[in-house]
Amino acid sequence: MYHASNARHIFIAIPAPDRLQDHARRVRGQWMDAQVRWIAGRDLHVTLVPPWESRGVGHDIDRFKAMTITTAPFVLPFERIGFGPSEKNPWLIWAEGATTEPLQQLKREIETVFQKEKDKRPFHLHVTLARFEANVLSGLKRKKIEGQISWRATANTIALMESIRVGDGVEYRTVVERVLPPVATQ
């Protein structure tokens, strides 16, 4: 994934609103003894366009700032905490929910400008809360981390973000952020 070059790993996401970070912090506090790598609140996000290797971040910043966004702020409805990304081979704990029409519209608007290769998996709303090694899964299942939730947070901003390898993990840095328009426009 990471190469010795000038390339930077850039993606577009909804930074986790404070309310979502608060929910995640409570889960982390409840399961602090779990053998997982919790994602820091400032690094929580909903990915809209997955990471790509950028050798022209300035150009990506210009496109991000100039793109037309018509989607107004909307609610992110998280309904379940579970293991992902697949039942067969989970390696993370995430909160997931319904992929609403405003979320799909925002993703389409961004993809139109950035024209990145479409992910083969269907898009669905999720935020990664923690990562773990496969050998700790049985212990995590005994803790009964999975379950229904009712988290609501309003998406007000989008960000061009950078993924940075740090030790055996990853941190994220906001390169540039944009506020969604107060009302939907056409």
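The values are calculated or read from the model by the stated rules, or taken from the named source; none is laboratory data. Everything numeric in this text was worked out from a predicted model, so none of it was measured. When we count neighbours, we look across all protein chains shown, and the Cβ atoms used for this are built from the backbone with ideal geometry, even at glycine.
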How many of the residues in region 170-186 are more than 16 Å from Phe11 (Cβ to Cβ) and either surrounded by fewer than 16 Cβ atoms within 10 Å (Cβ to Cβ) or charged (D, E, K, R) (or both)? 7
How many residues of region 1-34 are surrounded by 13 or more Cβ atoms within 10 Å (Cβ to Cβ) and either among the hydrophobic types (A, V, I, L, M, F, W, C) or more than 19 Å from the chain's Cα centre (by Cα) (or both)? The answer is 12
Unmet criterion (only one of (1) touching a helix residue (DSSP H, G or I) at 6+ places or on another chain (Cβ under 9 Å); (2) assigned to a strand (DSSP E or B); (3) of a type outside the set (A, V, I, L, M)) for Thr47: (1)
I'd like to verify a number: residues in region 34-62 that are among the polar types (S, T, N, Q) and modelled with pLDDT under 95, how many? 2
Inspect region 124-141 for any residue being among the basic types (Lys, Arg), exposed (fewer than 14 other Cβ atoms within 10 Å of the Cβ) and either touching a Cys at 6+ places or on another chain (Cβ under 9 Å) or farther than 19 Å from Ala34 by Cβ (or both) and give the result as yes or no. no
Which residues, counting only those in region 151-186, are under 22 Å from Met67 (Cα atoms) and without any contact (Cβ under 8 Å) to a residue 24 or more places away in the chain? Arg173, Val179
List the strands (runs of 3 or more DSSP E) that sit entirely inside region 63-167 and contain at least 3 residues that are over 13 Å from the mean Cα position of the chain (by Cα), at pLDDT 95 or above and over 24 Å from Arg25 (Cα atoms). none
Residues located in region 39-49, provided they are in contact with a strand residue (DSSP E or B) (Cβ under 6 Å, 6 or more places away or on another chain) and either surrounded by fewer than 18 Cβ atoms within 10 Å (Cβ to Cβ) or more than 10 Å from Leu129 (Cβ to Cβ) (or both): Asp43, His45, Val46, Thr47, Leu48, Val49
Residues to consider are Ala134, Ala153, Ala95; find the one that is touching a Ser or Thr at 6+ places or on another chain (Cβ under 9 Å), of a type in the set (A, V, I, L, M) and under 24 Å from Ala40 (Cβ atoms). Ala95
Looking at (1) over 29 Å from Ile145 (Cβ atoms); (2) not in a loop (DSSP other than H, G, I, E, B), which is the only condition Arg19 fails? (1)
Which condition does Asn6 not pass, out of (1) touching a strand residue (DSSP E or B) at 6+ places or on another chain (Cβ under 7 Å); (2) of a type outside the set (D, E, K, R); (3) assigned to a loop (DSSP other than H, G, I, E, B); (4) more than 14 Å from Thr128 (Cα to Cα), if it passes all the others? (1)
